[in-house]
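**Student:** Here it is, the structure in full.
The values are calculated or read from the model by the stated rules, or taken from the named source; none is laboratory data. Computed from a prediction, not measured in an experiment: that's the story for all the values here. With ideal geometry, Cβ positions are generated from the backbone for all residues, glycine too; neighbour counts draw on all protein chains shown. All accessible areas refer to the heavy atoms of the entire protein, side chains included, with ligands and DNA or RNA removed. Shrake-Rupley method; radii C 1.70, N 1.55, O 1.52, S 1.80 Å.
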Amino acid sequence: MKRIGMLTSGGDCQALNAAMRGVVKTLVHSGEEVEVYGFQDGYKGLIYCNFQMLTGSDFSGILTKGGTILGTSRTPFKMIDEPTPEGLNKVEEMKRNYTKLKLDCLVILGGNGTHKTANRLRQEGLNVVTLPKTIDNDLWGTDMTFGFQSAVDIATNAIDCIHTTASSHGRVFIVEVMGHKVGWLTLNAGMAGGADIILLPEIPYDVDKVIEKIEERDKKGCRFTIVAVAEGAISKEDAALSKKEYKKKLEKRKVSVSYELAEQILKKTGREVRVTVPGHMQRGGSPCPYDRVFASRLGAEAGNLILKGQYGFMVGYKNREIVKVSLEDVAGKLKYVDPDASIIKEAKLLGISFGD
(Lines give C-alpha, C1' and ligand atoms only; values in the text may rest on other atoms or scores of the structure.)
Protein backbone atom coordinates (compact mmCIF):
# COMPACT_ATOMS: atom_id res chain seq x y z
CA MET A 1 0.00 0.00 0.00
CA LYS A 2 1.32 3.43 -0.99
CA ARG A 3 -0.08 6.45 0.85
CA ILE A 4 0.44 9.55 -1.28
CA GLY A 5 -0.21 13.13 -0.23
CA MET A 6 -0.79 15.56 -3.09
CA LEU A 7 -1.09 19.34 -3.21
CA THR A 8 -0.94 22.25 -5.66
CA SER A 9 0.60 25.47 -4.36
CA GLY A 10 1.05 29.04 -5.60
CA GLY A 11 -0.68 30.58 -8.60
CA ASP A 12 -2.87 28.24 -10.60
CA CYS A 13 -2.31 27.43 -14.26
CA GLN A 14 -3.43 25.07 -16.99
CA ALA A 15 -2.53 21.34 -16.82
CA LEU A 16 -2.29 21.00 -13.03
CA ASN A 17 -5.10 18.47 -13.23
CA ALA A 18 -3.46 16.70 -16.17
CA ALA A 19 -0.21 16.33 -14.20
CA MET A 20 -1.97 14.94 -11.11
CA ARG A 21 -3.92 12.58 -13.33
CA GLY A 22 -0.65 11.34 -14.80
CA VAL A 23 0.74 10.51 -11.37
CA VAL A 24 -2.34 8.63 -10.18
CA LYS A 25 -2.96 6.75 -13.44
CA THR A 26 0.65 5.52 -13.39
CA LEU A 27 0.37 4.25 -9.82
CA VAL A 28 -2.99 2.57 -10.45
CA HIS A 29 -1.86 1.05 -13.75
CA SER A 30 1.18 -0.50 -12.03
CA GLY A 31 -1.14 -2.61 -9.88
CA GLU A 32 0.13 -0.93 -6.71
CA GLU A 33 -2.55 -0.42 -4.09
CA VAL A 34 -2.65 3.30 -3.41
CA GLU A 35 -4.38 5.85 -1.18
CA VAL A 36 -4.34 9.46 -2.31
CA TYR A 37 -4.74 12.25 0.24
CA GLY A 38 -5.57 15.45 -1.63
CA PHE A 39 -4.67 18.47 0.53
CA GLN A 40 -6.90 21.48 -0.04
CA ASP A 41 -5.52 24.88 -1.00
CA GLY A 42 -1.82 24.11 -1.13
CA TYR A 43 0.46 23.97 1.90
CA LYS A 44 -2.39 25.45 3.94
CA GLY A 45 -4.18 22.10 3.64
CA LEU A 46 -1.13 20.23 4.88
CA ILE A 47 -0.64 22.65 7.78
CA TYR A 48 -4.25 22.30 8.96
CA CYS A 49 -4.64 18.66 7.84
CA ASN A 50 -7.50 19.64 5.56
CA PHE A 51 -7.72 16.91 2.95
CA GLN A 52 -10.06 14.62 1.04
CA MET A 53 -9.50 11.02 0.08
CA LEU A 54 -9.31 10.67 -3.68
CA THR A 55 -9.81 7.63 -5.87
CA GLY A 56 -8.98 6.91 -9.49
CA SER A 57 -12.42 8.10 -10.54
CA ASP A 58 -11.66 11.59 -9.17
CA PHE A 59 -8.94 11.88 -11.79
CA SER A 60 -11.14 10.73 -14.66
CA GLY A 61 -12.22 13.39 -17.13
CA ILE A 62 -9.87 16.10 -15.83
CA LEU A 63 -7.21 15.97 -18.55
CA THR A 64 -8.72 18.99 -20.30
CA LYS A 65 -9.87 20.82 -17.18
CA GLY A 66 -8.07 24.03 -16.22
CA GLY A 67 -7.29 25.17 -12.69
CA THR A 68 -6.86 22.55 -9.94
CA ILE A 69 -9.39 20.22 -8.37
CA LEU A 70 -7.51 20.58 -5.07
CA GLY A 71 -7.59 24.37 -4.92
CA THR A 72 -4.46 26.41 -4.29
CA SER A 73 -3.09 29.27 -2.24
CA ARG A 74 0.18 31.05 -1.63
CA THR A 75 2.25 30.28 1.47
CA PRO A 76 5.32 32.52 0.99
CA PHE A 77 8.58 30.76 1.77
CA LYS A 78 9.98 33.88 3.45
CA MET A 79 7.16 33.53 6.01
CA ILE A 80 7.39 29.75 6.44
CA ASP A 81 8.94 30.06 9.90
CA GLU A 82 6.42 32.64 11.06
CA PRO A 83 3.55 31.11 13.10
CA THR A 84 0.02 30.89 11.74
CA PRO A 85 -2.63 33.29 13.16
CA GLU A 86 -3.41 30.53 15.69
CA GLY A 87 0.24 30.36 16.74
CA LEU A 88 1.05 27.08 14.98
CA ASN A 89 4.53 26.29 13.71
CA LYS A 90 3.91 25.72 9.99
CA VAL A 91 6.79 23.35 9.33
CA GLU A 92 6.18 21.28 12.46
CA GLU A 93 2.47 21.00 11.66
CA MET A 94 3.21 19.79 8.14
CA LYS A 95 5.64 17.20 9.50
CA ARG A 96 3.18 16.12 12.19
CA ASN A 97 0.32 15.63 9.72
CA TYR A 98 2.56 13.77 7.29
CA THR A 99 3.46 11.36 10.08
CA LYS A 100 -0.08 11.14 11.48
CA LEU A 101 -1.44 10.09 8.10
CA LYS A 102 1.45 7.63 7.63
CA LEU A 103 2.25 9.05 4.21
CA ASP A 104 4.93 7.46 2.08
CA CYS A 105 5.54 10.65 0.15
CA LEU A 106 4.23 14.04 -0.89
CA VAL A 107 3.64 14.99 -4.53
CA ILE A 108 3.91 18.77 -4.76
CA LEU A 109 3.06 20.80 -7.86
CA GLY A 110 4.25 24.39 -7.97
CA GLY A 111 6.70 27.08 -8.98
CA ASN A 112 9.75 28.70 -7.44
CA GLY A 113 8.41 29.51 -3.96
CA THR A 114 6.66 26.15 -3.77
CA HIS A 115 9.93 24.37 -4.51
CA LYS A 116 11.75 26.26 -1.76
CA THR A 117 9.23 24.95 0.76
CA ALA A 118 9.31 21.47 -0.78
CA ASN A 119 13.06 21.38 -0.35
CA ARG A 120 12.68 22.53 3.26
CA LEU A 121 10.34 19.59 3.89
CA ARG A 122 12.89 17.28 2.26
CA GLN A 123 15.53 18.64 4.62
CA GLU A 124 13.16 17.90 7.49
CA GLY A 125 13.07 14.24 6.46
CA LEU A 126 9.88 14.02 4.37
CA ASN A 127 9.79 12.07 1.12
CA VAL A 128 8.99 14.55 -1.63
CA VAL A 129 8.56 14.45 -5.42
CA THR A 130 7.73 17.70 -7.24
CA LEU A 131 6.39 18.78 -10.62
CA PRO A 132 7.33 22.10 -12.31
CA LYS A 133 4.25 24.29 -12.65
CA THR A 134 4.40 27.93 -13.73
CA ILE A 135 3.28 30.05 -16.67
CA ASP A 136 6.56 31.99 -16.28
CA ASN A 137 8.78 29.03 -17.28
CA ASP A 138 11.34 30.36 -14.78
CA LEU A 139 12.14 27.24 -12.75
CA TRP A 140 15.80 26.29 -12.78
CA GLY A 141 16.66 22.75 -13.82
CA THR A 142 13.99 22.31 -16.49
CA ASP A 143 13.77 23.64 -20.03
CA MET A 144 9.99 23.78 -19.81
CA THR A 145 7.24 24.05 -17.19
CA PHE A 146 3.65 23.04 -17.75
CA GLY A 147 1.21 25.91 -18.05
CA PHE A 148 3.73 27.98 -19.98
CA GLN A 149 2.70 27.02 -23.50
CA SER A 150 -1.00 27.47 -22.72
CA ALA A 151 -0.28 30.95 -21.36
CA VAL A 152 1.81 31.78 -24.44
CA ASP A 153 -1.16 30.80 -26.61
CA ILE A 154 -3.53 33.10 -24.69
CA ALA A 155 -1.13 36.07 -24.57
CA THR A 156 -0.38 35.61 -28.28
CA ASN A 157 -4.09 35.60 -29.07
CA ALA A 158 -4.47 38.88 -27.15
CA ILE A 159 -1.71 40.46 -29.26
CA ASP A 160 -3.26 39.02 -32.45
CA CYS A 161 -6.60 40.60 -31.58
CA ILE A 162 -4.98 43.96 -30.82
CA HIS A 163 -3.34 44.07 -34.26
CA THR A 164 -6.59 44.72 -36.13
CA THR A 165 -7.81 47.58 -33.95
CA ALA A 166 -4.29 49.07 -33.73
CA SER A 167 -3.96 49.12 -37.51
CA SER A 168 -7.46 50.49 -37.98
CA HIS A 169 -6.89 53.46 -35.68
CA GLY A 170 -3.16 53.94 -36.24
CA ARG A 171 -2.39 53.75 -32.53
CA VAL A 172 0.43 52.55 -30.33
CA PHE A 173 -0.85 49.59 -28.35
CA ILE A 174 0.85 48.24 -25.24
CA VAL A 175 -0.06 44.68 -24.22
CA GLU A 176 1.01 43.88 -20.66
CA VAL A 177 1.95 40.22 -20.23
CA MET A 178 2.47 38.41 -16.92
CA GLY A 179 6.01 37.99 -15.58
CA HIS A 180 7.36 39.96 -12.61
CA LYS A 181 10.97 38.79 -12.61
CA VAL A 182 11.40 36.75 -15.79
CA GLY A 183 10.40 37.51 -19.37
CA TRP A 184 10.02 34.14 -21.11
CA LEU A 185 6.26 34.50 -21.50
CA THR A 186 6.43 38.03 -22.92
CA LEU A 187 9.33 37.12 -25.20
CA ASN A 188 7.59 34.12 -26.74
CA ALA A 189 4.14 35.72 -26.98
CA GLY A 190 5.65 38.92 -28.34
CA MET A 191 7.52 37.10 -31.09
CA ALA A 192 4.57 34.84 -31.91
CA GLY A 193 2.20 37.81 -32.03
CA GLY A 194 4.46 39.96 -34.20
CA ALA A 195 5.14 42.64 -31.58
CA ASP A 196 7.43 45.44 -32.78
CA ILE A 197 8.86 46.14 -29.33
CA ILE A 198 9.32 43.67 -26.47
CA LEU A 199 10.28 44.88 -23.00
CA LEU A 200 11.58 42.33 -20.47
CA PRO A 201 12.69 42.47 -16.82
CA GLU A 202 16.14 41.18 -17.84
CA ILE A 203 16.80 43.96 -20.39
CA PRO A 204 16.31 47.45 -18.91
CA TYR A 205 14.80 49.75 -21.53
CA ASP A 206 15.41 53.35 -22.55
CA VAL A 207 12.11 55.11 -23.29
CA ASP A 208 13.83 57.18 -25.97
CA LYS A 209 14.84 53.95 -27.74
CA VAL A 210 11.23 52.79 -27.57
CA ILE A 211 10.08 56.07 -29.12
CA GLU A 212 12.85 55.83 -31.72
CA LYS A 213 11.40 52.50 -32.88
CA ILE A 214 7.86 53.92 -33.01
CA GLU A 215 9.05 56.89 -35.11
CA GLU A 216 11.07 54.59 -37.35
CA ARG A 217 7.87 52.66 -38.14
CA ASP A 218 6.01 55.93 -38.76
CA LYS A 219 8.58 56.97 -41.36
CA LYS A 220 8.13 53.63 -43.13
CA GLY A 221 4.41 54.26 -43.36
CA CYS A 222 3.41 51.82 -40.61
CA ARG A 223 0.26 53.22 -38.98
CA PHE A 224 0.63 51.37 -35.68
CA THR A 225 3.11 49.84 -33.23
CA ILE A 226 2.58 46.89 -30.90
CA VAL A 227 4.57 46.87 -27.66
CA ALA A 228 4.61 43.66 -25.57
CA VAL A 229 5.58 44.58 -22.01
CA ALA A 230 6.30 42.18 -19.16
CA GLU A 231 4.65 43.38 -15.95
CA GLY A 232 8.12 43.39 -14.37
CA ALA A 233 9.81 45.35 -17.18
CA ILE A 234 12.14 48.03 -15.86
CA SER A 235 13.61 51.23 -17.31
CA LYS A 236 17.34 51.90 -17.30
CA GLU A 237 16.76 54.74 -14.82
CA ASP A 238 14.97 52.42 -12.39
CA ALA A 239 17.53 49.66 -12.91
CA ALA A 240 20.22 52.08 -11.74
CA LEU A 241 18.46 52.53 -8.39
CA SER A 242 19.38 50.49 -5.34
CA LYS A 243 16.98 47.68 -4.37
CA LYS A 244 15.76 49.78 -1.47
CA GLU A 245 15.17 52.85 -3.66
CA TYR A 246 13.39 50.85 -6.33
CA LYS A 247 11.17 49.10 -3.80
CA LYS A 248 10.23 52.49 -2.37
CA LYS A 249 9.33 53.74 -5.86
CA LEU A 250 7.16 50.67 -6.52
CA GLU A 251 5.27 51.30 -3.28
CA LYS A 252 4.44 54.81 -4.49
CA ARG A 253 3.61 53.79 -8.08
CA LYS A 254 -0.14 54.04 -8.64
CA VAL A 255 -0.19 52.37 -12.05
CA SER A 256 1.68 49.49 -13.70
CA VAL A 257 4.79 49.97 -15.83
CA SER A 258 2.66 49.79 -19.00
CA TYR A 259 0.55 52.80 -18.06
CA GLU A 260 3.66 54.67 -16.94
CA LEU A 261 5.27 53.96 -20.32
CA ALA A 262 2.10 54.96 -22.18
CA GLU A 263 2.08 58.33 -20.41
CA GLN A 264 5.73 58.91 -21.32
CA ILE A 265 5.13 58.09 -25.00
CA LEU A 266 2.09 60.37 -25.13
CA LYS A 267 3.96 63.23 -23.46
CA LYS A 268 7.02 62.93 -25.73
CA THR A 269 5.32 62.20 -29.06
CA GLY A 270 1.67 63.16 -28.79
CA ARG A 271 0.83 59.70 -30.17
CA GLU A 272 -2.40 58.05 -29.08
CA VAL A 273 -1.55 55.08 -26.83
CA ARG A 274 -3.79 52.32 -25.49
CA VAL A 275 -2.95 49.68 -22.87
CA THR A 276 -4.43 46.17 -22.78
CA VAL A 277 -3.88 43.84 -19.80
CA PRO A 278 -5.02 40.22 -20.38
CA GLY A 279 -4.18 39.53 -16.72
CA HIS A 280 -5.38 36.28 -15.18
CA MET A 281 -6.85 35.13 -18.49
CA GLN A 282 -3.31 33.89 -19.11
CA ARG A 283 -3.66 31.40 -16.25
CA GLY A 284 -7.12 30.20 -17.17
CA GLY A 285 -8.99 27.97 -19.53
CA SER A 286 -8.29 24.50 -20.84
CA PRO A 287 -4.64 23.44 -21.28
CA CYS A 288 -3.39 23.39 -24.86
CA PRO A 289 -2.56 19.97 -26.39
CA TYR A 290 1.17 20.48 -25.79
CA ASP A 291 0.62 21.03 -22.06
CA ARG A 292 -1.74 18.05 -21.80
CA VAL A 293 0.90 15.74 -23.23
CA PHE A 294 3.79 17.37 -21.37
CA ALA A 295 2.06 17.37 -17.96
CA SER A 296 0.98 13.75 -18.47
CA ARG A 297 4.57 12.74 -19.19
CA LEU A 298 5.85 14.54 -16.10
CA GLY A 299 3.12 12.96 -13.97
CA ALA A 300 3.93 9.50 -15.30
CA GLU A 301 7.60 9.88 -14.38
CA ALA A 302 6.68 11.20 -10.92
CA GLY A 303 4.57 8.07 -10.41
CA ASN A 304 7.49 5.96 -11.59
CA LEU A 305 9.84 7.60 -9.06
CA ILE A 306 7.34 6.86 -6.28
CA LEU A 307 7.14 3.21 -7.31
CA LYS A 308 10.94 3.04 -7.21
CA GLY A 309 11.12 4.83 -3.87
CA GLN A 310 13.25 7.62 -5.34
CA TYR A 311 12.49 10.83 -3.50
CA GLY A 312 13.92 14.34 -3.21
CA PHE A 313 13.57 15.11 -6.91
CA MET A 314 11.75 17.45 -9.25
CA VAL A 315 10.67 15.84 -12.50
CA GLY A 316 12.01 18.14 -15.22
CA TYR A 317 12.66 18.36 -18.93
CA LYS A 318 16.15 18.74 -20.41
CA ASN A 319 17.24 18.35 -24.02
CA ARG A 320 13.83 16.91 -25.03
CA GLU A 321 13.94 14.21 -22.35
CA ILE A 322 12.10 13.83 -19.04
CA VAL A 323 14.69 13.85 -16.24
CA LYS A 324 14.88 13.93 -12.45
CA VAL A 325 16.60 16.91 -10.85
CA SER A 326 17.73 17.11 -7.24
CA LEU A 327 15.44 19.39 -5.25
CA GLU A 328 18.37 21.01 -3.47
CA ASP A 329 19.70 22.08 -6.88
CA VAL A 330 16.37 23.59 -7.93
CA ALA A 331 15.25 25.46 -4.81
CA GLY A 332 15.87 29.18 -4.77
CA LYS A 333 17.10 29.50 -8.36
CA LEU A 334 15.39 31.21 -11.26
CA LYS A 335 15.92 30.63 -14.98
CA TYR A 336 16.26 34.12 -16.47
CA VAL A 337 16.26 35.20 -20.10
CA ASP A 338 19.89 35.78 -21.05
CA PRO A 339 20.15 39.13 -22.89
CA ASP A 340 22.81 37.50 -25.08
CA ALA A 341 20.74 34.38 -25.82
CA SER A 342 20.35 33.35 -29.44
CA ILE A 343 16.59 33.93 -29.36
CA ILE A 344 17.19 37.60 -28.43
CA LYS A 345 19.73 38.00 -31.23
CA GLU A 346 17.36 36.38 -33.71
CA ALA A 347 14.49 38.61 -32.59
CA LYS A 348 16.68 41.65 -33.20
CA LEU A 349 17.52 40.33 -36.66
CA LEU A 350 13.77 40.39 -37.31
CA GLY A 351 13.71 44.07 -36.41
CA ILE A 352 12.23 43.69 -32.93
CA SER A 353 13.42 46.33 -30.47
CA PHE A 354 14.05 45.57 -26.80
CA GLY A 355 14.45 49.22 -25.93
CA ASP A 356 18.15 48.79 -25.14
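**Student:** Restricting to region 82-103, give me the number of residues that are open to solvent by 50 Å² or more (accessible area, probe 1.4 Å) and touching a residue at least 60 places away in the same chain (Cβ under 8 Å). Walk me through how you get there before you give the answer.
**Tutor:** Pass one, region 82-103, residues open to solvent by 50 Å² or more (accessible area, probe 1.4 Å): 82-83, 85-89, 92, 96, 99-100, 102.
Filter once more, so that each one left must be touching a residue at least 60 places away in the same chain (Cβ under 8 Å): 102.
Residues in region 82-103 being open to solvent by 50 Å² or more (accessible area, probe 1.4 Å) and touching a residue at least 60 places away in the same chain (Cβ under 8 Å): 1 in total.
**Student:** Take the residues in region 1-41 that are over 15 Å from Pro132 (Cβ atoms) and of a type in the set (S, T, N, Q); name whichever of them is surrounded by the most Cβ atoms within 10 Å (Cβ to Cβ).
**Tutor:** Out of the qualifying residues, it is Asn17.
**Student:** Can I ask one more? Considering (1) under 27 Å from Gly179 (Cα atoms); (2) at pLDDT 95 or above; (3) open to solvent by 10 Å² or more (accessible area, probe 1.4 Å), say which one Gly113 fails and leave the rest.
**Tutor:** All conditions pass for Gly113, except number (2).
**Student:** What number of residues within region 294-321 satisfy the criterion of being crowded, with 17+ Cβ neighbours inside 10 Å and without any contact (Cβ under 8 Å) to a residue 12 or more places away in the chain?
**Tutor:** Number of matching residues: 0.
**Student:** Moving on to the next point. Which condition number in (1) closer than 21 Å to Gln40 by Cα; (2) assigned to a loop (DSSP other than H, G, I, E, B); (3) in contact with a Ser or Thr (Cβ under 9 Å, 6 or more places away or on another chain) is the one that Asp136 fails?
**Tutor:** For Asp136, the failing item is (1).
**Student:** Just checking, how many residues over region 118-133 are surrounded by fewer than 24 Cβ atoms within 10 Å (Cβ to Cβ), among the polar types (S, T, N, Q) and not in a loop (DSSP other than H, G, I, E, B)?
**Tutor:** Adding up the residues that qualify gives 2.
**Student:** Would you pick out the residues in region 333-343 that are open to solvent by less than 50 Å² (accessible area, probe 1.4 Å) and either part of a strand (DSSP E or B) or within 18 Å of Gly110 (Cα to Cα) (or both)? If you could, list the steps in order and put the result at the bottom.
**Tutor:** Quick first cut of region 333-343, residues open to solvent by less than 50 Å² (accessible area, probe 1.4 Å) only: 334-335, 337, 341, 343.
If the condition is that a residue be open to solvent by less than 50 Å² (accessible area, probe 1.4 Å) and either part of a strand (DSSP E or B) or within 18 Å of Gly110 (Cα to Cα) (or both), then Leu334, Lys335 are the ones that fit.
**Student:** Under 8 Å between Cβ atoms, at least 6 apart or on separate chains: pull out the pairs that start in region 107-135 with a residue that is without any contact (Cβ under 8 Å) to a residue 24 or more places away in the chain and of a type in the set (Phe, Trp, Tyr) and end on any residue that is open to solvent by 10 Å² or more (accessible area, probe 1.4 Å) and part of a strand (DSSP E or B).
**Tutor:** Here the result reads none, with nothing in region 107-135 linked to a residue that is open to solvent by 10 Å² or more (accessible area, probe 1.4 Å) and part of a strand (DSSP E or B).
**Student:** Which members of region 243-293 meet the condition of being of a type outside the set (Gly, Ala, Ser), surrounded by 16 or more Cβ atoms within 10 Å (Cβ to Cβ) and outside any helix (DSSP H, G or I)?
**Tutor:** Matches in region 243-293: Arg271, Val273, Val275, Thr276, Val277, Pro278, Pro287, Cys288.
**Student:** Which pairs do you get when a residue that is crowded, with 17+ Cβ neighbours inside 10 Å, found in region 63-79, comes within reach of a residue that is of a type in the set (Gly, Ala, Ser) and outside any loop (DSSP other than H, G, I, E, B), reach meaning Cβ atoms under 7 angstrom, with the pair 6+ apart or on two chains?
**Tutor:** Final answer for the pair search is Leu63/Ala18; Leu70/Gly38; Phe77/Gly113.
**Student:** Residues that are of a type in the set (Val, Ile, Thr): which helices (runs of 4 or more DSSP H) entirely in region 1-101 hold 3 or more of them? Break it down into steps so the answer makes sense when it comes.
**Tutor:** Working: elements: 16-29, 43-47, 90-100.
In region 1-101, the matching helices (runs of 4 or more DSSP H) lie at 16-29.
**Student:** Return the residues of region 323-332 that are in contact with a helix residue (DSSP H, G or I) (Cβ under 8 Å, 6 or more places away or on another chain) and open to solvent by 30 Å² or more (accessible area, probe 1.4 Å); say none if nothing qualifies. Talk me through it step by step, then tell me what you get.
**Tutor:** Within region 323-332, the subset in contact with a helix residue (DSSP H, G or I) (Cβ under 8 Å, 6 or more places away or on another chain) is 324, 327-328, 330-332.
Across region 323-332, the qualifying residues are Lys324, Glu328, Gly332.
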